[in-house]
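Visitor: Got a structure for you, questions after.
Nothing in this text is a laboratory measurement; each read-out follows from the coordinates by a stated rule. Fair warning: this is a prediction, and the values are worked out from it, not measured in the lab. All Cβ positions, even for glycine, are placed from backbone atoms using ideal geometry, and neighbour counts span all protein chains on display.
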Amino acid sequence: MLRTLANAWKDKDLRGKLLFTIMILVVYRIGACITVPFVTADFINLYMSNSGGIFDFINILSGGAFAQATLFALGVSPYITASIVIQLLAVAIPALERLSKEGDEGRKKMEQITRVATVILSLITSIGYYFHLKNMGVLTHAGKGDEWFYAIVIIACYCAGSSLVMWLAEKINENGIGNGISMILLANILSRGASIATTLFDMFASGKVKDIIIAAVTILGALAMLYFIVFISHSERRIPVQYAKKVVGRKMYGGQNSNIPIKLNMTGVMPIIFANTIVTIPTTLAMFITPKKDSFWEGFVNFFSSDSWFYAVMTFVLVIVFAYFYVAISFNPIEVASNLQKNGGSVPGIRPGRPTSDYITKVLSRITLIGALALSIICVLPLFANIISGANMAGLAFGGSSVIIVVGVILELVNEIEAQMTMRHYKGFLD
C-alpha cells in the first residue's frame, strides 16, 4: 500500500488529485471544529460522552463533531441515509428503477433526487437535534422573544453544514481521488485515533494489572479483527462458467471458461448500520422523552442499553437478517442466469435457465450466511468485551463497524490509485 502511494505521488496528475483530496479533508476538519452559535459545547460534550444510543454511532461517523455541536455535527449521515432510501425506493418504485437504468442521464437525475432527499433529511434531523439540545439545557440563556431566533439560526447552521459536507464529498468525486463520502468517513474515524491511543497509554501507565490486561487484550483484539476483516474482504466464491462454441462465417467464437465471483462480504457495513439503527431506537427515544425513575419504561430502556446482553444478541440476529435483505435487493440471480443463457454461457453440470438461477440462489444463500456471521462476530465482539470488562466506553459497541469502514475505504483507495496508474502508464499495442 505504501509503495502504491509513493508511486502515485511521483505522477503529477495523481499528486494533484491527492493534494486536492487532502485539502478538502482539511477544510472539513476545520468546519468540524467550529461550534454553532448559542450552544455551550463543553456541557453537551460531557453529556453526549455517556449518552449511548444511535447518537454514539453518529458521533463516530462525524469524527466527534456531533458531541461538540459543531457546524458539521450531522456529518455524512443524512447523505448516507438518503442514498440508502433512494436505493430501496428504486427497487420498489418502477419509475425510479427505469430512471436508474437510463445511463448517465438517469444517474444524474438519481443524484439530484438524492441531494434533495439529503437536504430534507438534514432539515428534519436538525430540528430534532435542536429540540434535543434545548431539553438538555446546553443552550445559552434566551428570552421569550429570542427563542425563535435561536432555533432558526441553529437549525439553519446544521442544515447548511450537512449540505456543505455533501458538496465537499462531490468535489472529491469530481477532482480528487476515491469516493468522497468514504474519504470523509475515513478522516472522521481516524481523527479519533489519537484519543484512543491516549486512553490505552494511560491504562498502561496506571500500573493497575486489570487496566494493563484490558489495554493489551484491546490491542491484540484490534489487530486480529483487522486481519479478519481484510481476509473476508478479499474472499469470494467463484462459480465456473463455460461458453459454448459457435461458428460465424469462417471464424469460431466462444469456448472460453470464466466465472461469476460472489464476494463473501457483498453487503459491506450496511447490515451493521441498519441493525444498530433498529436496536438503538429505545435508548435514542429515551433521550428525548426521559422515563420516570424505577418505572417500567426505565427498565425497558435499560434492557435495550448497549451494555446489556439482549442488545448484543439482537444485534447479532439483525445483522444476519439485514445481510440477507440487502443481498436480495442488490443481486438478482434470475437476471444473471438469463444473461448467461443469452450469451451462450452455462454452469458445468447445471442446465441453463431456471436450474442455473436456483443453483446461484443456493450458493448465494450459503455465502451470505457465512459473510453475515462474520459481520455479526465483528460487530458484537467489541460489545461483549465492553460488557465483560465493565469499561463502559462510549462508542465501543460500534468499534467493529468503524474498523470495517476504515479497512474497506483503504482497500478501495488503493485499488482506485492502482487503476489510475495503470490507465496512465498503459501505452497500447501501437506504441
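Visitor: How charged is the neighbourhood of S357? Take every other residue with its Cβ under 12 Å from the Cβ of S357, and add Lys/Arg as +1 and Asp/Glu as -1.
Guide: Numbers: positive: R351, R354, K362; negative: E335, D358.
That sum, taken over residues with Cβ under 12 Å, equals +1.
Visitor: Counting other beta carbons within 10 Å of each Cβ, put T70, T199, T35 in order, fewest first.
Guide: Values: T70 25, T199 13, T35 17.
Ranking T70, T199, T35 by Cβ neighbours within 10 Å, fewest first, gives T199, T35, T70.
Visitor: Also, quick follow-up: If amide hydrogens are placed 1.01 Å from N in the peptide plane, which non-local residues have theirs closer than 5 Å to the one on I260?
Guide: For I260, the qualifying residues are I239, V241.
Visitor: Continuing with the same structure: Give the Cα extents of region 19-191 along the principal axes, in whole Å, largest first.
Guide: Principal-axis extents of the Cα atoms in region 19-191, largest first: 54, 37, 28 Å.
Visitor: Show me, for region 364-369, the HN-Hα J-couplings you get by feeding each phi into the Karplus relation (A = 6.51, B = -1.76, C = 1.60, θ = phi - 60°), rounded to Hz, glycine and proline as x.
Guide: For region 364-369, the Karplus curve yields 4, 5, 5, 5, 4, 4 Hz.
Visitor: Quick one: length gained pulling E111 to A419 fully straight, 0.36 nm per residue minus the C-alpha distance? List each step's numbers first, then the result.
Guide: Values: separation 308, 0.36 × 308 = 110.88 nm, distance 2.44 nm.
Result for the pair: 108.4 nm of gain on full extension.
Visitor: Mind listing which trypsin sites (Lys or Arg not before Pro) in region 119-177 are in a DSSP loop and have 15 or fewer other Cβ atoms within 10 Å? Intermediate results must be reported in sequence, preceding the final value.
Guide: On the way: sites: K134, K144, K171; in loops: K144.
Answer by residue number: K144.
Visitor: How far is it, in nm, from the label point at K208 to the one at R354 when both lie 7 Å from their Cα along the line to the Cβ?
Guide: Once both label points are built, they end up 6.6 nm from each other.
Visitor: Next up: Would you work out which of A187, G137, I127 lies farthest towards the positive end of the dipole of region 19-191? Charges go on Cβ: Lys and Arg +1, Asp and Glu -1.
Guide: Highest projection toward the positive end goes to I127.
Visitor: Fewest to most neighbouring Cβ within 10 Å: what's the order for L123, L185, L375? Could you put the intermediate results ahead of the total?
Guide: Values: L123 17, L185 26, L375 29.
Listing L123, L185, L375 from fewest to most nearby Cβ atoms yields L123, L185, L375.
Visitor: Please list, in chain and number order, the residues 5+ apart from A73 or on another chain whose amide H is under 5 Å from its amide H, with Hs placed from the backbone.
Guide: none
Visitor: Using the Karplus curve 6.51 cos²θ - 1.76 cosθ + 1.60 with θ = phi - 60°, work out ³J(HN,Hα) for each residue of region 76-93 in order, rounded to whole Hz, and write x for Gly and Pro.
Guide: Computed from phi, the couplings for region 76-93 are 9, 4, x, 5, 5, 4, 5, 4, 5, 5, 5, 4, 5, 5, 5, 7, 8, 9 Hz.
Visitor: Roughly how many Å is it from the Cα centre of region 171-211 to that of region 323-383, as a whole number?
Guide: 34 Å
Visitor: Using amide H atoms built in the peptide plane, which far-off residues or other-chain residues are under 5 Å from E236 H to H?
Guide: L264
Visitor: Using Cα pairs closer than 8 Å and at least 6 residues apart in sequence, work out the relative contact order for region 112-250, in percent. Write down the numbers at each step before the final one.
Guide: Numbers: 44 pairs, mean separation 21.5, N = 139.
Contact order relative to length: 16 percent.
Visitor: So, one more: Using Cβ counts within 10 Å as a stand-in for footprinting exposure, how do L133, L14, L190, L139 rank, fewest first?
Guide: Numbers: L133 24, L14 18, L190 15, L139 21.
Starting with the residue having the fewest Cβ neighbours, the order is L190, L14, L139, L133.
Visitor: Given an 8 Å cut-off on Cα distances and at least 6 residues of separation, report the relative contact order of region 19-191 as a percent. Could the numbers behind the result be given before it?
Guide: Numbers: 211 pairs, mean separation 55.1, N = 173.
With pairs under 8 Å counted, the relative contact order is 32 percent.
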